[in-house]
Amino acid sequence: MIGSHRERLAAVAGLAVLCMLAAACSNSNSSGGNGGALTASAPGITAKTITIGSHQPLTGIAAPGYDEIAPASNAYFQYVNSHGGIYGRKIVYKYLNDQYNPSITSTVVHQLILQDGVYAIFNGLGTPTHLAVAPFINSEHVPDVFVASGCECWNNTSSLPDTFGWQLDYVREGKILGSYIEQHFKGKKIGFFFQDDEFGQDGVKGLSYEIPKSQIVSEQSYDPTNIKIAPQVAALKAAGAQVVVSFSVPAFTALLKLNMLGLKYAPQLVVSDVGSDPITLAGLLASFAKNKTAGFGNSLTQGIITDSYLPSLGQMSNSWITLFTKIYDTYLKPKKIPFDGNVLYGMSVGYTFVQAMFKAGKNPTRQDLINAVNGGLPQGVAVAPFAYSSSDHNGITGAYIGTIKDGVLVADTGVYVTDDTASGAITTDSTPQPAAPASGIPKP
Amino acid sequence: MLPNDLPERPSAGDTVSLPARAGGAARGPLRWRPPTLARHLGWAVLGAIVLGLVTTKLSDFRDYEIAQVAAYLVAVAGLSVLIGLSGQISIGNGAFMAVGGYTSALIFIHLHWPLVVIALAATAVSAVAGAIFGFAAARLRGPYLAGATLLLAVALPSLATRFQSVFGGDQGLGFFVSVPGFLGVSFSLSRYQAWFTCGFALLALVLLANLIRSRVGRNWRALRDDEVAASLAGLNVARLQIRAFVVSAACAGLGGVLLAVVVGTVSAGLFALSLSIQLLTAAVLGGLGSLAGAVWGSAILVLLPSYLQNQSISLGISQAKSGGVPIVAYGVVLIAVMLIFPGGIQGALSRLYAWGRRRPAGDHQEKGST
């Protein structure tokens, strides 16, 4: 408490000096736009670093493939760090293994927030895992940005105001695939094959919005813990499905294809983005079939129709693919990580985070990051714009349809965008995708 | 400690088993021992005071870890009593945790009962499930019983994905508790979780400790050591076995409730088969049949993995590889403990304690006695 008149005077004088100092500093340093020296403006932010955390399946059932995502994001962050960082700060990305087990997810996220004091939780992977921690993250008012799952549940601005999705949600994806099938396979018999959880069901929900009920002849689901899917495949064949739409993870897409081969059943296969990465699929097919012939896997993925919200790895002329190839060669190739869809995903979501951090300002609080995303983000690596607003926390809103040819996804259509409602129209987005910045780092 | 106790000590500890007990019995009437329940309650109150002080001093994350240890402890203690005392094996106690967890989450979502009542109700439901399964289990022995319980651990959680509208499928059910108003706004959630789980854990431990000391506990030990002899002595083998299953299932159910409160959700992944195996390894690591052993086992189960992952990251092992370190280390610890201390950590500690007590005695009197 300031008691006497003299003390008060001294305090005022001190404050005035401080103000002048601050003003002087900001003048000398105002080139960044926001002004002021770099301060420890929020937990996890120091004058030199921004520490963020994540939970990732580095071992266990979900690890194959998905364990490349965090190293890929980290590779992009390292690239940013070595090219000036975010307003001069370096990103420190601490990702812990949760083995895709919600109980461990809860432990590691508590550690990251309560003990390590991270600024934000970034790209936490998985629906059941992240659902276990999202309420806690929100109760601590920690930004929970760009969850690695297409569940609709992240778009819940009332109970999870600090949580944001990123990838195309499964309902939108189902609608876009469904509308393509409806247009290109008129009158054909259509069967669904889907994972019996929120991923598959949301996908089927979107498909059913678009495909006439009369055309759907069979809906078969699988349990991801049971690899015996022959009965489902036989049922699809018995129903005479000419087109089979599969909302499956890569391992089950491969099993589906091999079971079809076994039954001499060759419908047109349409697979969701999650289960259709050509490199992952080809590897799985070769390993499941124990066939080491070169090109065996690619021969089986030939002709699969799928969708994607990121540029295809085969488009070497695409500025984003060029940029990421450069980063991959420097940071990931020495670690013998393949350059596949997971790596592309990890780098792309890393880019979005850097975009959001630049927008959050030079000395951001946690709320500044949330406000930045709520205010919308410019389209980055994705082919379609983001949905982000204060009332919509979904991420990417559209995708294009393509066919796998010789192990590479080749685009067949333009980009379709839509919303996640039953009646929402599907429109073509003809604005060209913005090119990657020459520096590889988004502009503040 | 009375001064005239001291000269008696060496003579009591020196000679082996029978005379030592005789010495103790001779001394018995002189020393007043409080009744079992009062003694256990005393320990529990002491434990509560220590935990209360510790949780207010430690960081939020440590409180959260204590809460986790307490949740696992209840389930591990129940399993340890089942295997160590009644001699039945169960690889499926994770399933009873699922029963408790899902029951509590369903009540929490649909009926909004107070949390304490929810915990008790879910424990009761798990006990009933244990009784039903116990009827079947009482007919099975050894590997067949293990197989049947394993089946339970595999099958029960998949019901959650089968009946999605009720159990929420893969996503599970949300169970996010908030700090009750009377504790004040600044009271941290982790500390509340720690107090809640530790309170129930202490309650469960007191009840189990009394049960072990009671006639039922003695009968279980008789059953474990020789089923035929126990039967000839007039014990109802099947009833005792079912009772052991009920107790262990109730503990597992309560553990499931506490785990759900700590984690903030229930889902099939939370109660996967690996959980049942972890409970078993924690019970074995700590020392079967010992409640103190259950404390060691569950502490290792919770604290070792996160400690090792952080250590390995700070030692410069890449983050991507450090994820595997705890799994390897857990296996190594399990093998090492089984090879060096087959009685588990508590077995090793009590051997160490006995050795420490005998040692000075031997120094004094070895010449005389041998």
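What follows draws every value from the coordinates through simple rules; no lab data is involved. Treat the numbers as computed from the prediction; the structure is a model and nothing was measured. With ideal geometry, Cβ positions are generated from the backbone for all residues, glycine too; neighbour counts draw on all protein chains shown.
Take the Cβ atoms of B:L203 and B:S158, set R0 to 41 Å, and the FRET efficiency comes out at 0.80.
Within the listed set B:S267, B:S90, B:S318, the Gaussian network model of chain B (springs between alpha-carbon atoms below 10 Å) gives the highest mean-square fluctuation for B:S318. Scoring B:164-171, A:71-78, A:144-151 by mean Cβ neighbours within 10 Å over their residues and listing the highest first yields A:144-151, A:71-78, B:164-171. Its relative contact order, with pairs defined as Cα atoms under 8 Å and 6+ residues apart, puts chain B at 30 percent.
The angle separating the long axis of helix B:115-137 from the principal Cα axis of greatest extent in chain B is about 70 degrees.
The C-alpha atoms of the stretch A:144-212 occupy a region whose extents along the principal axes are 45, 22, 18 Å, arranged from largest to smallest. Between B:R358 and B:S274, the modelled label-to-label distance comes to 4.2 nm, taking each label 7 Å out from Cα in the direction of the beta carbon.
If you place +1 on the Cβ of every Lys and Arg, -1 on the Cβ of every Asp and Glu, and leave all else neutral, what size is the dipole of the stretch A:165-292 about its Cα centre, to the nearest 20 Debye?
Values: 13 positive and 12 negative charges, 146 e Å.
Charge dipole of the stretch A:165-292: 700 debye, to the nearest 20.
Give me the angle, in degrees from 0 to 90, between the Cα long axis of helix B:215-225 and the longest principal axis of the Cα atoms of chain B, rounded to the nearest 10. So the inclination is approximately 80 degrees. Here the spin labels are modelled as points 7 Å beyond Cα on the Cα-Cβ line, and at A:Q315 and B:S165 they lie 4.3 nm apart.
Would you please report the Å³ per residue occupied by the convex hull of the alpha carbon atoms in the stretch A:171-308?
Dividing the Cα hull volume of the stretch A:171-308 by its residues yields 92 Å³.
For the stretch B:37-128, what percent of Cα pairs sit more than 19 Å apart? Of the Cα pairs, 58 percent sit more than 19 Å apart. Quick one: grab the alpha carbon gyration tensor of the stretch A:258-319, order the square roots of its eigenvalues as a ≥ b ≥ c, and give me rounded if a/c is under 1.5, else prolate or oblate depending on whether a/b is larger than b/c. Oblate is the answer for the stretch A:258-319, as a/c is 1.5 or above yet b/c matches or exceeds a/b. Axis angle, to the nearest 10 degrees, between helix A:5-28 and the longest C-alpha principal axis of chain A: 50 degrees. Counting only Cβ charges, +1 for Lys and Arg and -1 for Asp and Glu, the dipole size of chain A around its Cα centre is about 960 debye.
Distance from the C-alpha centroid of the stretch A:98-132 to that of the stretch A:141-170: 14 Å, rounded to the whole angstrom. Dividing the summed helix terms, -39500 (n - 2.57) for each DSSP H run of n ≥ 4, by the number of residues in the protein assembly as shown produces a 222 nm estimate of -18000 deg cm²/dmol to the nearest 500. Rounded, prolate or oblate: which fits chain A when a ≥ b ≥ c are the square roots of the eigenvalues of the alpha-carbon gyration tensor, with rounded for a/c under 1.5 and prolate only if a/b beats b/c? Prolate, since a/c reaches 1.5 and a/b exceeds b/c. Distance between the modelled labels on B:W43 and B:M338, one decimal in nanometres: 2.8 nm (7 Å Cα→Cβ projection).
Using a Förster distance of 25 angstrom, determine the FRET efficiency expected from the C-beta separation of B:N236 and B:L140, and round it to 0.05.
Efficiency, rounded to the nearest 0.05: 0.90.
The packing ranking of peptides A:180-190, B:330-340, highest mean first, is A:180-190, B:330-340, where packing means the average number of other beta carbon atoms within 10 angstrom of each residue. With the convex hull drawn over the C-alpha atoms of the stretch A:221-261, the volume per residue is 67 Å³.
In this structure, B:D225 and A:T46 have a Cβ-Cβ separation that, at R0 = 41 Å, corresponds to a calculated FRET efficiency of about 0.05. Between the stretch A:372-429 and the stretch B:140-195, the C-alpha centres lie 36 angstrom from each other. Using C-alpha pairs under 8 Å with a sequence gap of at least 6, the mean separation divided by the residue count of chain A gives a relative contact order of 16 percent.
Near B:A272, no amide H atom lies under 5 Å from its own; only residues 5 or more places off or on other chains count, and H is placed 1.01 Å from N.
Among B:V328, B:V45, B:V154, the largest mean-square fluctuation in a Gaussian network model of chain B (Cα springs under 10 Å) belongs to B:V328.
So which of A:K335/A:K362; A:K94/A:K326; A:K264/A:K290 end up more than 27 Å apart, counting from Cα to Cα? In this structure, A:K335/A:K362 lie more than 27 Å apart at Cα. Viscosity 1.567 mPa s, temperature 4 °C: what is the translational diffusion coefficient of chain B from Stokes-Einstein with a Kirkwood Rh over Cα pairs, rounded to a whole number of µm²/s? Value of D from the Cα-based Kirkwood radius: 58 µm²/s. Between B:A127, B:A229, B:A299, the Gaussian network model of chain B with springs among Cα atoms under 10 angstrom shows the greatest mean-square fluctuation at B:A229.
First obtain the Kirkwood hydrodynamic radius of the protein assembly as shown from its Cα pairs, then insert it into the Stokes-Einstein equation at 20 °C and 1.002 mPa s, and state the resulting D in µm² per second as a whole number. Intermediate results must be reported in sequence, preceding the final value.
Values: Rh = 29.6 Å.
For these conditions, the coefficient is 72 µm²/s.
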